Amino acid sequence: MKKNLKKGFQRESRLSAVLHVSLFTTVSLALFFLVHCRPYRIYLLPLPSEIERIEGYVSIKITEDQGSARSKFSFLFQFPHQGRIEVSNVFSKTLYQIIVDEDRAVFTLPSKKVYWQGEEEEIIDKVLGFRLNLYEMISLLCGKWGDKELDVEGEKSMERWSLEKDGKGRIISGRRGELKFNVKEFLANTPFPRILTFEHPLSRGRLKILSINFNQPVKEGIFCLSFLENYERKSWAEIEKMLNDEN
């Protein structure tokens, strides 16, 4: 009888310990997701009369013949010819960076200290699955096409696009050749898209703005490419192989 009671007590103790560990794990996971997975804050007001810089975070899903991929990226664009995009995976690990500074554009792998240099449209194609120049990508994220004084590149871009507006004058869809996009949701009563879809013969996807801000001070040299002196230049085929190995 005493042995049975002793065994029962031991089983209850072990069960209690398991329950405590399970509870601790559950609470820890809940706290982790509350801290790390809370929604990004959308900054909207007051909107500046003139936008010089725009920055924020985006989540994106792209589907191609080979399958689907999800990622998120931070972006910082300074008008008219500077941009920085940092792409990370679902675990917030940086996969690669794109930096455009005037007439130079590079695709970097910080973990390998290597880079590939190409044309703006070539490099942005690696993120979205279709070619856009920097002006077009800024316009897509801002919902503003041709509202600012255009340079030659901007004028050429506008000539290629057919855009549709709603009753409030907001861009709700656009087409350029075989590429088209549709705005599914706007940020409050602004022209800025919150959710948009895009479709191209080679890919299709969904892009969602997680946070956005305007004209914030930026770190000096944020677009500077002098750090490439410590990087090794590679071909795109070599970069692509490194990316596949990491994934």
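May I ask you to list the GluC sites (Glu not before Pro) in the stretch 45-94 that are in a DSSP loop and have at most 11 other Cβ atoms within 10 Å of their Cβ?
Values: sites: Glu50, Glu52, Glu55, Glu64, Glu86; in loops: Glu50, Glu52.
Of the GluC sites (Glu not before Pro), the ones in loops of the stretch 45-94 whose Cβ has at most 11 other Cβ atoms within 10 Å are Glu50.
As a length-normalised measure over Cα pairs under 8 Å and 6 or more apart, the relative contact order of the stretch 53-246 settles at 22 percent.
Between the DSSP loop rule and a limit of at most 10 other Cβ atoms within 10 Å, which GluC sites (Glu not before Pro) in the stretch 171-247 are left? Walk me through the numbers before you get to the answer.
Working: sites: Glu178, Glu185, Glu199, Glu220, Glu229, Glu232, Glu238, Glu240, Glu246; in loops: Glu178, Glu220.
In loop regions of the stretch 171-247 (DSSP not H, G, I, E or B), the sparsely surrounded GluC sites (Glu not before Pro) are Glu178, Glu220.
Within the stretch 83-142, the trypsin sites (Lys or Arg not before Pro) that combine a DSSP coil assignment with at most 12 other C-beta atoms in a 10 angstrom radius are Lys93, Lys113.
Throughout, read-outs are computed from the coordinates displayed, never taken from laboratory work. Fair warning: this is a prediction, and the values are worked out from it, not measured in the lab. Positions of Cβ are backbone-derived with ideal geometry, glycine not excepted, and every protein chain shown enters the neighbour counts.
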